[in-house]
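Structure first, then comments.
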Amino acid sequence: MPGDIILKMENITKRFPGVLANDHINFDLKEKEVHALVGENGAGKSTLMKILYGLYHPDEGTIYIKIDGELKPVKFKNPQDAIRHGIGMVHQHFMLVYGLTTIENIILGYEPSSVIDFDTARKNIEKIMTESGLHVPLDVDVEVLSVGQQQRVEILKVLYRNAKILILDEPTAVLTPQETEELFTIINRLKEQGHSIIFISHKLHEVMEIADRISVMRKGRLVHTMPKSEATKEKIAELMVGHPVLLDVPRPDVTPGDVILEVKDLTVESDTKGVMAVNNVSFHIKAGEIYGIAGVEGNGQAELIEAIYGLRHPKKGQVIIKGEDITGKPTHIIRKKGVSHIPGDRHKFGVFLPFTLADNSILGHHREEKFARYGIFRRFSNISKWAMEIIKKFDVRTPSEKVPMSALSGGNQQKFVVGREISFDHDLMIAAHPTRGVDIGAMEFIYRQLFEEKKQNKAILLVSADLDELLLLSDRIGVMFKGKIIKELDNTNRQVTPKEVGYYMLGGDLESHNGGDTVGGEQIA
Amino acid sequence: MWHTLWFILRSTIISSAPIGYAALGGVFNERSGVANIALEGILLVSSFGYVAGAFFGHSAWWGLFWGIMAGLLLSLIHAVATVTFKINHIVSGVALNTIAIGVTRMLSLVMFGQETQSKTNSYTQIFGINIQWLVALMLFLVIAPLSYWLLFKTSLGLRLRAVGENPEAADSLGINVEKMRYTGILLGGIVTSLGGIALYPTIWQSGISGGRGFIGLASMILGNWMPIRSVLASTIFGFADALRLLDFVQAYIPNEFLTALPYVLVLIVLAGFIGKARPPRADGVPYIRGE
């Protein structure tokens, strides 16, 4: 049971040029408590936590920490100050040094002495591992550890520095459902041992599962703090966005038509020579159907898409679109055959940040007569008109089509890319992580657009790391593991559970395993 | 027979020293994330610093002092340029190599009355031992093992390596990235200066470094950025260098070929090896906070 308040942030205000990132925020944390902090991107969660961790200095307000049984005001000049007061942070993007071993990573910056006594360090770490249940091999390069194990190293780092207060920044974003469950077991164990945890997330069902109290931030303000007993998913979502959100977008009822995409025995080599990223994969998608590909990232999803879209030459097999074999054809030909693509990494593949929205709006179709006379001389008025149509239709918030793409927020950039790809003539839509890094409002919007596509009888290939998204949108789900689709699940009536998918994401009955520990884990140790 | 073997061993050690020290200097630089092709220039200025310091100070100790100071000064410029002002590491290195050539020639003209070489320096003994031989031996017996210990057994070394692999992560743990990189560059500068001192303590000539700084970088790559392995790698090139001093080799093989041998070896070795080596991940990448 949570005890006394051990941390209090009072009237914290932080201004950045033109933005009020934190507006008089009051936040507190009790002993043995999990306090979830939720909010959309840009709501100010990160800023608040960076202030708590000493990375930013507040313009106004005070932080109090319980020292010797009493709340005392403290000022953190840098993370060391925060660490010294028992605050530890597990960053969303791991702060691990590849090339160093696990033990070196754990002690880095907090070495027991200037000539390192590795034996003592090891003993201390092993003690922490036994107490917390976080086990990882200590003498390997952290690079070879699985994502779940790397996260454990991050938590061990924090515990090794004697942190009482743990800030976990979107810790489940990279985990499978099984790994998430294990993380929750560990969080509960840490709680019992007297730690307090600030849990940052936007996955509402996880927040509902693990938190004792929930605080919601919106546009730099902390709008509400409530105990879990008073919270519902819908209530939190509404507080986050500021208006009611239909998280459960209804799925249109469409009878699948002809086969649009057929993939036959596709095998694709990875960047490492001789290793097949995609191994003998076959599946098909019909018109009006959404086919989801699930899997832990790095199991061949990216290569599969690249091979279909012509960015990578398959080793063998066929890609057939509307009965025509397009295997190995260049991308611009494939686009002409009616394929649109929402890339997973929009900055790398989707947009040119310094170019205007108008220029970005015709990418891949810039040679067409509509946009360029004789394929050479650009027709500026047509391009502008085209860009404006996308902007209007897809609710992209921008002053005009003449501003550079970099001026837009991530969510608006993504809406623009989605809008562009939908606007071009196509029969097959390849959508990779279509809502990555966008907030709930934009997410809902993109879901609706994809369903709209379905209604228009387009075939949609959806790859996503977000299981909820896959289950919500897909009619069928293929689970990829080590380059193969090891299971195809029928989700026509949304009957598939996350656990079921998670089971196959970890190899299913292909691999003997006990819980979520198998991914890369014990084989290495 | 024994005499010849001893001669080969001794020449190999002496010829390897400047290369090995430069390799070690490279290890300190690049392990902290700084690419430093100015090692060549550091060899040149420290060699000049030694000769001039000993000549005018009438003591090998003054030579040692000014040799190291000269190398440190050049390193410091590299540190300020690359770490403080985030300038491209290669550009800074090219500039420093050019500066090193010009400055030594100018100083030589001012101090010794001619641009291309110094006067002969007769202060080459420390404790009654020839300094070239002493410094060369020290590399293998003391400096290389010490460097290994420093990089892998101390917190300073751990932090230095962390900064070279992932400065952002190191920063998040409260490690001062800039300070660590300065440390790497300056330690590397001191070590490389010892190489310059071991080059030729008797006389300085323009161009005396002869690309050994670059061969040092090749040794470093061959040694996979490990201190002891890098120094051992330098003996391959040092041996090739020593060969041409032998009478019977000179009798059979044209001198031009022998002189080219170390450089040819570099090409062969690197061509066959470079894919297997793994440089520090942040090598040569300026660190700008908050990106």
Within the stretch B:111-179, which helices (runs of 4 or more DSSP H) (wholly inside it) include 3 or more residues that are facing another protein chain (nearest Cβ under 10 Å), within 23 Å of the chain's Cα centre (by Cα) and not aromatic (Phe, Trp, Tyr)? B:155-165
Matching residues in the stretch A:1-38 (out of contact with any Asp or Glu (no Cβ under 8 Å at 6 or more places or on another chain) and modelled with pLDDT of 90 or more) number 10
Kindly provide the set of residues from the stretch A:125-145 that are in contact with a Phe, Trp or Tyr (Cβ under 7 Å, 6 or more places away or on another chain) and more than 24 Å from B:ARG281 (Cα to Cα), ordered by number. A:ILE125, A:ILE128
In the stretch A:157-182, anything touching a strand residue (DSSP E or B) at 6+ places or on another chain (Cβ under 7 Å) and either among the acidic types (Asp, Glu) or within 14 Å of chain B (Cβ to nearest Cβ) (or both) is listed as A:VAL158, A:ARG161, A:ALA163, A:ILE167, A:ASP169, A:GLU170
Residue that is farthest from A:LEU183 (Cα to Cα) [pool: residues in the stretch A:209-235 that are open to solvent by less than 50 Å² (accessible area, probe 1.4 Å) and of a type in the set (A, V, I, L, M, F, W, C)]: A:LEU222
Kindly indicate whether any position in the stretch A:452-462 is open to solvent by 30 Å² or more (accessible area, probe 1.4 Å), over 24 Å from A:LYS219 (Cα atoms), at pLDDT 90 or above and among the hydrophobic types (A, V, I, L, M, F, W, C). no
Given A:MET89, A:MET9, which one is under 21 Å from A:ALA211 (Cα atoms), within 14 Å of chain B (Cβ to nearest Cβ) and of a type outside the set (Val, Ile, Thr)? A:MET89
Some residue of the stretch B:43-54 being within 16 Å of B:LEU139 (Cβ to Cβ) and over 17 Å from the mean Cα position of the chain (by Cα): no
Looking at (1) aliphatic (A, V, I, L, M); (2) within 18 Å of A:GLU488 (Cα to Cα); (3) open to solvent by 20 Å² or more (accessible area, probe 1.4 Å), find the lone condition where A:ALA294 falls short. (3)
Mind checking which residues of the stretch A:108-124 are within 29 Å of B:ASN224 (Cα to Cα), exposed (fewer than 15 other Cβ atoms within 10 Å of the Cβ) and more than 11 Å from chain B (Cβ to nearest Cβ)? A:ASP119
Residues located in the stretch A:66-91, provided they are over 18 Å from A:THR13 (Cα atoms), open to solvent by 10 Å² or more (accessible area, probe 1.4 Å) and free of Cβ contacts under 8 Å to residues at least 60 places away in the same chain: A:ILE67, A:ASP68, A:GLY69, A:GLU70, A:LYS72, A:GLN80, A:ASP81, A:ARG84, A:HIS85
So A:ALA407 passes all but one of these: (1) open to solvent by 10 Å² or more (accessible area, probe 1.4 Å); (2) touching a residue at least 24 places away in the same chain (Cβ under 8 Å); (3) of a type outside the set (Ser, Thr, Tyr). Which condition number does it fail? (2)
For the stretch A:159-172, enumerate the residues that are open to solvent by 10 Å² or more (accessible area, probe 1.4 Å), more than 18 Å from the chain's Cα centre (by Cα) and not polar (S, T, N, Q). A:LEU159, A:TYR160, A:ARG161, A:LYS164
Within the stretch A:172-188, the count of residues that are at pLDDT below 90 and of a type outside the set (D, E, K, R) comes to 8
Sole residue being closer than 30 Å to A:ILE25 by Cα, under 23 Å from the mean Cα position of the chain (by Cα), modelled with pLDDT under 90 and open to solvent by 70 Å² or more (accessible area, probe 1.4 Å), chosen from A:GLU238, A:GLU206: A:GLU238
Please determine whether any residue of the stretch A:92-107 is hydroxyl-bearing (Ser, Thr, Tyr), within 14 Å of chain B (Cβ to nearest Cβ), surrounded by 15 or more Cβ atoms within 10 Å (Cβ to Cβ) and assigned to a helix (DSSP H, G or I). yes
Is it true that some residue in the stretch A:1-13 is open to solvent by 60 Å² or more (accessible area, probe 1.4 Å), outside any strand (DSSP E or B) and hydrophobic (A, V, I, L, M, F, W, C)? yes
Flag for A:GLU131 being away from chain B (no Cβ under 13 Å) and open to solvent by 20 Å² or more (accessible area, probe 1.4 Å): yes
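The values are calculated or read from the model by the stated rules, or taken from the named source; none is laboratory data. Keep in mind it's a predicted model, so treat the numbers as computed, not measured. Neighbour counts run over all protein chains shown; Cβ positions are idealised from the backbone, glycine included. Accessible surface is based on the protein model in full, side chains and every heavy atom, while ligands, DNA and RNA are left aside. Shrake-Rupley method; radii C 1.70, N 1.55, O 1.52, S 1.80 Å.
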